[in-house]
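Undergrad: Let me begin by handing over the structure; questions about it come next.
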Amino acid sequence: MPEEKKITPEVKAEKKTAVKKPAVKKPAAKKTAAAKKPAAKKTAAKAVKAPAKPKVTLDKLTTAVWKKLEKKNVKDIPFAIAIQVNVREVGTFYIAVNADPEYDKQVIQADYYLADGIVDTSAEEVLKITKGGYDYIAAAKSGAFIYRGDLTKGALIAELIK
């Protein structure tokens, strides 16, 4: 166990009378100024931003699909077809033919859980389809257009909206 030191009045007096060494100050080193670099010339030309693309809405997509579908004759199709279209970053709609006794054709902004097929694609691809001449095979190979479901029914809808 370490020995305890008692502080007595004599020890306190010794501490007060102890000679303190004066602090030695070192002369400050001279600082050299760094050489100034010439200021870079600011270019007057600013970066030109490309105009922002207007955001494609679900309304615009469903209207474009409906315009392609509305005048088509579907009386010869003997069965109902419902294809759900999932548009990345926009929403979901479905195309139905002969699925409702009141309407022979429909394009509705909703999910269709009992769909015959499901399409996963982008808004740009949907717009390309509605413009006509769309190459479904090339788009499927590139991954821009993915279809799962009944190919016969998917091909019939593709023919109607091309």
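Undergrad: Can you put Tyr103, Tyr94 in order, fewest other beta carbons within 10 Å first?
TA: Tyr103, Tyr94
Undergrad: Give me a comma-separated list of calculated 3J(HN,Hα) values for region 65-82, in order, Karplus coefficients 6.51, -1.76, 1.60 applied at θ = phi - 60°, integers in Hz, x for any Gly or Pro.
TA: With coefficients 6.51, -1.76 and 1.60, one gets 5, 4, 4, 6, 8, 4, 9, 7, 8, 10, 5, 7, 7, x, 9, 7, 10, 9 Hz.
Undergrad: What order do you get for Ser142, Ser122 when you list them from fewest to most C-beta neighbours inside 10 Å?
TA: Fewest-to-most Cβ neighbours within 10 Å comes out as Ser142, Ser122.
Undergrad: In 10 Å bins starting at zero, report the fraction of Cα pairs in region 58-161 per bin as a rounded %.
TA: 15, 55, 28, 2
Undergrad: Here is the link list: Lys55/Lys105; Lys75/Lys131; Lys68/Lys105. Which ones come out longer than 18 Å on Cα distance?
TA: Pairs exceeding the cut-off: Lys55/Lys105; Lys75/Lys131.
Read-outs: derived from the displayed coordinates by stated rules, not from any lab. Remember, predicted model here, so these are calculated numbers, not experimental data. Every residue, glycine as well, gets a Cβ built from its backbone with ideal geometry; the counts of neighbours run over all protein chains shown.
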